[in-house]
Amino acid sequence: MSFTPSTPPHLLCTSDLACERDLRILYSGLNFSVKAGELWHIKGLNGAGKTTLLRQLAGLHAVDTGKVLVPNKATRVIYIGHKLGLKEQLTADENLTWLAGLDGVSTQEQRYAALEQVGLRGYEENTVAQLSAGQKRRVALARLHLCKADLWLLDEPFTSIDQQGIVDEQGWLNQHTDSGGAVLMTSHQTINLSQVKILDLSKYAPISPINRGSEARALT
Amino acid sequence: MIKFMLTIVRRDLLLVARQPAEILNPLVFFVLVIALFPLGISPEAALLSQTAAGIIWVAAMLATLLSLELLFKLDHDDGSLEQLLLAPYPSWSLVLAKVFVHWLVSGLPLILMSPLIATMLFLPSQAVPTLMLSLLVGTPTLSLLGAIGAALVTGVRGGGMLLTLLILPLYVPVIIFGASSVAAAAQGMAVGGYMALLAAMFVFALMITPWAAGSALKL
């Protein structure tokens, strides 16, 4: 790896990050850093700690061992987890209003445009309870278009999205990294993008024989 | 930060407007408890006017307690609590905004209805302003103290019982001084001391609880 003065800035680093749940060590010795323009695909079996890792990175899960560093305090992060954070009784537009209101303001025009980008044109005033599972996820994802964030932490963003939707979504991911953002995501799908970095959590699990010395491998 | 809090207040009020049953439930409970009391004891005016202060305050407390469990639980269950916690603002501001809505929905209607309730229980009319004032200072204290418990049991299944056990001891002083102030006013005595203590408890709760509940939410 060659470091030139124009190395893209680090958005997030971990040092020796570990996670223990219910007396079981899920992963340990996790060292990686996410630079602007990178897309990281976190892989691992069910229960490997993918979701927990994302929550640790977002600051929603306690970090007991190791550190999560965000070098630039102004880095804006969007986390979309398994639970989408949508209110069923509110409409898609109202949900986006409050979600965007947490960190800035949005106009109705912007919200409608964001919903149109995720293919929900005409559903703006439907309550989320009336939408299908895939459409709900699309409402949550519309926030990515509405709020400008540097780092996207996405937990299984392809769940219940249709084939065409997944293709579109990968396009957004590409667009985001091209414009200097970074993405960390979990998924059981293969991501068909050229510049995907893979973080395989099974290499950091304590039982795994290839655990030792796997740091270098993950950083390639 | 004010904008952040306003966002939460607006969202929660909108949610209440979509589900008015949520407002009505504690209120109906409040009125029912009070309406059934004379049937249980006796409809005698002398007896009722003596116990009115206590009945109204206990009913107000139970009505508050009833609606507290859901304060953070619904947000936790649908994941919106995560999003609120991730916003770049201190978590106490989120608690304060949520408690404010809780009080608007569960406390304020009780205060507005209390003159009617007082008449039902033959409370001497000179005590009614004291009743309203003590509820005005006391019910936000109940909501604030309850927020700590609600934050602690968020994500715990069947946390309602635990919440009651945790919070009840904290409610005891508020009830004692709240009910005593009304009883004192009914007998024509000075209520300044009771009010000062109620106000002190309110200020203390306002300073401590948003911070404590905010920390508890992050656990």
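Summary of values
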| read-out | value |
| --- | --- |
| In segment B:168-196, residue nearest to B:Glu69 (Cα to Cα) [restricted to those that are surrounded by 23 or more Cβ atoms within 10 Å (Cβ to Cβ) and among the β-branched types (Val, Ile, Thr)] | B:Val174 |
| Residue within segment B:101-122 that is hydroxyl-bearing (Ser, Thr, Tyr), within 24 Å of B:Glu69 (Cα to Cα) and within 14 Å of chain A (Cβ to nearest Cβ) present | no |
| The one condition in (1) closer than 22 Å to A:Asp16 by Cα; (2) in contact (Cβ under 8 Å) with a residue 60 or more places away in the chain that A:Arg76 fails to fulfil | (1) |
| Criterion (surrounded by 24 or more Cβ atoms within 10 Å (Cβ to Cβ) and touching a helix residue (DSSP H, G or I) at 6+ places or on another chain (Cβ under 6 Å)) met by exactly one of B:Val128, B:Val99, B:Val105 | B:Val99 |
| Check on A:Leu90, within 12 Å of chain B (Cβ to nearest Cβ) and under 20 Å from A:Val34 (Cα atoms) | no |
| Residues satisfying the stated conditions in segment A:148-164, i.e. buried (at least 19 other Cβ atoms within 10 Å of the Cβ) and either in a helix (DSSP H, G or I) or in contact with a strand residue (DSSP E or B) (Cβ under 8 Å, 6 or more places away or on another chain) (or both) | A:Asp150, A:Leu151, A:Trp152, A:Leu153, A:Leu154, A:Asp155, A:Glu156, A:Pro157 |
| Qualifying position, being in contact with a helix residue (DSSP H, G or I) (Cβ under 8 Å, 6 or more places away or on another chain), within 20 Å of B:Gly146 (Cα to Cα) and of a type outside the set (A, V, I, L, M), among B:Pro90, B:Pro38 | B:Pro90 |
| Condition met for A:Lys73 (within 7 Å of another protein chain (Cβ to nearest Cβ) and either surrounded by 15 or more Cβ atoms within 10 Å (Cβ to Cβ) or of a type in the set (Lys, Arg) (or both)) | no |
| Segment A:37-67, subset over 20 Å from B:Ser215 (Cα atoms) and hydrophobic (A, V, I, L, M, F, W, C), residue nearest to the other protein chains (Cβ to nearest Cβ) | A:Leu54 |
| Residue in segment B:23-41 that is closer than 30 Å to A:Ala100 by Cβ, crowded, with 22+ Cβ neighbours inside 10 Å and within 16 Å of the chain's Cα centre (by Cα) present | no |
| Residues that are surrounded by fewer than 18 Cβ atoms within 10 Å (Cβ to Cβ), β-branched (Val, Ile, Thr) and more than 13 Å from every other protein chain (Cβ to nearest Cβ), drawn from segment A:97-131 | A:Thr107 |
| Yes/no for A:Leu84 being at the interface with another protein chain (Cβ under 7 Å from one of its Cβ atoms) and either under 20 Å from the mean Cα position of the chain (by Cα) or part of a loop (DSSP other than H, G, I, E, B) (or both) | yes |
| Every residue from segment A:39-62 that is within 18 Å of A:His10 (Cβ to Cβ) and outside any helix (DSSP H, G or I) | A:Leu39, A:Trp40, A:Ile42, A:Gly59 |
| Test result for A:Leu30, over 14 Å from A:Leu153 (Cα atoms) and in a loop (DSSP other than H, G, I, E, B) | no |
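FYI, it's all coordinate maths here, none of it is from the lab. Given the structure is predicted, the values throughout are model-derived calculations rather than measurements. Neighbour counts are summed over all protein chains in view; Cβ atoms, including those assigned to glycine, are modelled from backbone coordinates with ideal geometry.
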